[in-house]
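The values are calculated or read from the model by the stated rules, or taken from the named source; none is laboratory data. All values derive from a computational prediction rather than experimental measurement. No Cβ is skipped: glycine too gets one built from the backbone with ideal geometry, and neighbour counts run over all protein chains shown.
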Amino acid sequence: MTTPRKIIIDTDPGQDDAVAILLALASPEDIEVIGITAVAGNVPLPLTQKNARIICELAGETDTPVYAGCDRPLAHTLVTAEHVHGKTGLDGPNLPDPTMQLTDGHAVDFIIDTLRNEPAGTVTLCPIGPLTNIATAFQKAPDIIEKVQEIILMGGAYFEVGNVTPAAEFNIYVDPEAADIVFKSGAPIVVMPLDVTHKALVTQQRNDAFRDIGTPVGIAVAQMTEFFERFDKEKYGSEGAPLHDPCVTAYLIKPDLFKGRHVNVEIETVSDLTRGMTVADWWDVTDRPANALFIGDVDADGFFALLTERIARL
């Protein structure tokens, strides 16, 4: 019997963030969510922290502490994505405002205190939004970096290039300086870039499977992914929207669904043209040491089977 992985989900919900959180909360034998930290990203912080609580209530997990974190990137003005996620960030289902309260304290302090207090190598950070909270914690308390078990993050792109600029993926683009700090930290990193998330598409059939669960959670997930996918279908001409963030949670539960390679990943912070680009040395053409497992492939059927089975538990 394996012990569940202790994780902190750092998030800017977003519909796909919501599904990632629901998958984690539905999988207590694999994952122990010790806290959820909200960051500004898809929508501003007042909405992301509220959305995180809405999702916990939807899952019936109101004991999970939710902390509000950084409301802007380290060095630049916040860029948001209401054009994708709707004005609330969770457009699609009609979910009630949360009654559970935010937990007192700042997300960054919670991350620092948790890593200092838990045994080294037992806490995994799962950032599925911009990396502002994680980078701020690493800057404020560099002693915690060596205590991180692993960072499994959604962000970046290489072969799929950018989704917010020609070169940059949204989460990294919002705060490239933060991403640069995290990738240079020396902590073990697994990256779920667009290269893999664009292979996890919510087709009509997969969405029907969520709806057919028939529970409030299953129906809400179907409504969220339907809202979310209108944008990507139009943009990419694909048969459905990529479910980016749940790849992080699915990797924790079933890593063998994914394939990638250990490469060097550097973040472009200076160029006007490619700011926020994740420069992955996929073909090993530099002498820069590998600092991340960069995922490139997923068993999409296995991924959606896992997602549907777990969401049905809530």
Against the definition (of a type outside the set (Lys, Arg), touching a residue at least 12 places away in the same chain (Cβ under 8 Å), closer than 16 Å to Gly69 by Cα and assigned to a strand (DSSP E or B)), how does Leu125 come out, yes or no? yes
Look through region 237-285, keep the residues that are assigned to a loop (DSSP other than H, G, I, E, B) and under 16 Å from the mean Cα position of the chain (by Cα), and return whichever of them is surrounded by the most Cβ atoms within 10 Å (Cβ to Cβ). Asp245
Answer yes if at least one residue in region 173-194 is among the hydroxyl-bearing types (Ser, Thr, Tyr) and in contact with a Ser or Thr (Cβ under 8 Å, 6 or more places away or on another chain), and no otherwise. yes
Scanning region 182-233 for residues that are within 26 Å of Glu57 (Cα to Cα) and among the acidic types (Asp, Glu) gives Asp208, Asp212, Glu226, Glu229
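May I ask you to verify whether Asp175 is among the charged types (D, E, K, R), under 18 Å from the mean Cα position of the chain (by Cα) and at pLDDT 95 or above? Step through it out loud before you land on a result.
Details: among the charged types (D, E, K, R): yes; under 18 Å from the mean Cα position of the chain (by Cα): yes; at pLDDT 95 or above: yes.
Answer is yes for this residue.
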Sole miss for Ser185 among (1) buried (at least 24 other Cβ atoms within 10 Å of the Cβ); (2) part of a loop (DSSP other than H, G, I, E, B) is condition (1)
Could you check region 112-123 and list, in sequence order, the residues that are surrounded by 21 or more Cβ atoms within 10 Å (Cβ to Cβ) and within 10 Å of Lys6 (Cα to Cα)? Val123
Might you let me know whether region 132-145 holds any residue that is at pLDDT below 95, surrounded by 23 or more Cβ atoms within 10 Å (Cβ to Cβ) and assigned to a helix (DSSP H, G or I)? no
Pairs needed: first member in region 15-41, in contact (Cβ under 8 Å) with a residue 60 or more places away in the chain and closer than 26 Å to Leu201 by Cα; second member anywhere, among the aromatic types (Phe, Trp, Tyr) and assigned to a helix (DSSP H, G or I); C-beta distance under 7 Å; at least 6 residues apart or different chains. Gln15/Phe227; Gln15/Phe228; Asp16/Phe228
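If I filter region 189-212 for residues that are part of a loop (DSSP other than H, G, I, E, B), closer than 19 Å to Thr11 by Cα and modelled with pLDDT of 95 or more, do I get at least one hit?
Let us first name the residues in region 189-212 that are part of a loop (DSSP other than H, G, I, E, B), namely 193, 198-200, 203.
Next, only the ones that are closer than 19 Å to Thr11 by Cα stay: 193.
Pick out the ones that are also modelled with pLDDT of 95 or more and you get 193.
Yes, that holds for at least one residue.
Where in region 1-93 are the helices (runs of 4 or more DSSP H), entirely inside, with at least 2 residues that are farther than 25 Å from His198 by Cβ and charged (D, E, K, R)? Can you show your working first?
Details: elements: 15-25, 45-58, 82-85.
Passing ranges, in order: 45-58.
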Can you tell me which residues in region 150-166 are surrounded by fewer than 18 Cβ atoms within 10 Å (Cβ to Cβ) and of a type in the set (Val, Ile, Thr)? Val161, Val164, Thr165
Only one of Pro4, Pro44, Pro28 is surrounded by fewer than 18 Cβ atoms within 10 Å (Cβ to Cβ) and within 22 Å of Gly105 (Cα to Cα); which? Pro44
Quick one: how many residues across region 46-102 are β-branched (Val, Ile, Thr) and over 19 Å from Ile172 (Cβ atoms)? 7
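One line per residue, one yes/no per condition, for (1) of a type in the set (A, V, I, L, M); (2) under 27 Å from Thr308 (Cβ atoms):
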residue	(1), (2)
Arg5	no, yes
Pro13	no, yes
Ile31	yes, yes
Thr62	no, yes
His76	no, no
